[in-house]
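Asker: Below are the structure tokens for one structure; questions will follow.
The values are calculated or read from the model by the stated rules, or taken from the named source; none is laboratory data. All of these numbers come straight from a predicted model, not from anything done at the bench. Here the Cβ is made from the backbone with ideal geometry for all residues, glycine too, and neighbour counts use every protein chain on show.
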Amino acid sequence: MESAATALAQVRANIARVCKPARRTPESVTLIAVSKTKTPEAILPLIHAGQRVFGENRVQEAESKWPALRADYPDIELHLIGQLQSNKAEEAVALFDVIHSLDRPSLLTALAKAMDKTGKRVPCFVQVNIGDEAQKGGCPISELPAFLAAVRAADVPLAGLMCIPPADTEAATFFALLAKLAADHGLTGLSMGMSGDYETAVMLGATHIRVGTALFGARG
Ligand SMILES: *Cc1c(COP(=O)(O)O)cnc(C)c1O
């Protein structure tokens, strides 16, 4: 419990430190604690330390963990950060408060339908394939203008843009590119930055950082 509180304080201090030269307030950065693969026993100390925003990458895993935790802590906000299958759209809309992985027309159709059916409109980040990697999810940059127009037409609340930069490269250039794309399209939300690079992301305008390892330790 003490180590969770310590890790959280450290990450928050790091955010505050880089906010200063960037002329930002720490409150402008939402810290998403990525709890994928972690048990409720591992998550609870962070909740007790005051963390309320969490991220999961699988619908089923989140369904098995969070309803019970949320019954005790109703102010918890849950973000889906992982790839989403269209056939899980309705479950995702029911469970999550924000979705970070909207990246293709078929998923947009499924999410819009789920939101119409349930009456719950969940803000979505459009994930961009920022490094143009064949194996990675995310909307190609060349298709972004048309896709954003489709999202707006579908009445799906647009939270901003999200990216996962290529591994083993300098992330800063990709963060700067995502920030430029967002500005070009009048979007203010930027979901970028993980344990290894969240300070750089905050310097470059991240509004949502997704941090797992730095808070929970390595995943098993
Ligand atoms: C797992 C994951 C994270 C957190 O990664 P860490 O390096 O553990 O901080 C962030 N974003 C996404 C999309 C992830 O899948």
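Asker: Is there a residue in the stretch 200-208 that is near the ligand (Cβ under 10 Å from one of its atoms), within 30 Å of Ala4 (Cα to Cα) and small (Gly, Ala, Ser)?
Answerer: No, the stretch 200-208 contains no residue that is near the ligand (Cβ under 10 Å from one of its atoms), within 30 Å of Ala4 (Cα to Cα) and small (Gly, Ala, Ser).
Asker: How many residues are over 17 Å from the mean Cα position of the chain (by Cα), β-branched (Val, Ile, Thr) and either crowded, with 21+ Cβ neighbours inside 10 Å or more than 16 Å from the ligand (Cβ to nearest atom) (or both) when one looks only at the stretch 141-197?
Answerer: 3
Asker: Ok, one more. Only residues that are without any contact (Cβ under 8 Å) to a residue 24 or more places away in the chain and not in a helix (DSSP H, G or I): list them for the stretch 168-183, please.
Answerer: Asp168, Glu170
Asker: Could you list, ordered by first residue, the pairs with Cβ atoms under 9 Å in which the first is in the stretch 119-141 and at pLDDT below 95 and the second is assigned to a strand (DSSP E or B), at least 6 apart or interchain?
Answerer: Once the first residue is at pLDDT below 95 and sits in the stretch 119-141, its partners that are assigned to a strand (DSSP E or B) give Gly137/Ser101; Gly137/Gln127.
Asker: Please work out which one of (1) within 16 Å of the ligand (Cβ to nearest atom); (2) loosely packed, with under 13 Cβ neighbours inside 10 Å is the condition Thr118 fails and give its number.
Answerer: Of (1) within 16 Å of the ligand (Cβ to nearest atom); (2) loosely packed, with under 13 Cβ neighbours inside 10 Å, only one is false for Thr118: (1).
Asker: Here is a follow-up. Collect the residues in the stretch 184-220 that are closer than 17 Å to Val11 by Cβ, part of a loop (DSSP other than H, G, I, E, B) and of a type in the set (A, V, I, L, M, F, W, C), keeping them in residue-number order.
Answerer: Scanning the stretch 184-220 gives Met192, Met194, Ala206, Ala218.
Asker: Can you confirm whether Val126 is within 16 Å of the ligand (Cβ to nearest atom), β-branched (Val, Ile, Thr) and within 23 Å of Gln85 (Cβ to Cβ)?
Answerer: So Val126 fits the description; yes.
Asker: Considering each residue of the stretch 83-112, count those that are in contact with a Ser or Thr (Cβ under 7 Å, 6 or more places away or on another chain) and surrounded by 19 or more Cβ atoms within 10 Å (Cβ to Cβ), and give that number.
Answerer: Number satisfying all stated conditions: 5.
Asker: Taking the stretch 199-211 as the region of interest, how many residues are over 12 Å from Ile81 (Cβ atoms) and surrounded by 24 or more Cβ atoms within 10 Å (Cβ to Cβ)?
Answerer: Of the residues in the stretch 199-211, 3 are over 12 Å from Ile81 (Cβ atoms) and surrounded by 24 or more Cβ atoms within 10 Å (Cβ to Cβ).
Asker: Also, I was wondering about something else. Could you check, for the stretch 72-87, whether at least one of its residues is without any contact (Cβ under 8 Å) to a residue 24 or more places away in the chain, within 16 Å of the ligand (Cβ to nearest atom) and hydrophobic (A, V, I, L, M, F, W, C)?
Answerer: No, every residue in the stretch 72-87 fails to be without any contact (Cβ under 8 Å) to a residue 24 or more places away in the chain, within 16 Å of the ligand (Cβ to nearest atom) and hydrophobic (A, V, I, L, M, F, W, C).
Asker: Could you grab the pairs with beta carbons closer than 7 Å, sequence gap of 6+ or different chains, first residue in the stretch 25-42 and more than 18 Å from Trp66 (Cβ to Cβ), second one within 10 Å of the ligand (Cβ to nearest atom) and polar (S, T, N, Q)?
Answerer: none
Asker: I'm checking my understanding of the structure. Among residues of the stretch 56-82 that are under 13 Å from Lys36 (Cα atoms) and small (Gly, Ala, Ser), which one is surrounded by the fewest Cβ atoms within 10 Å (Cβ to Cβ)?
Answerer: Ser64
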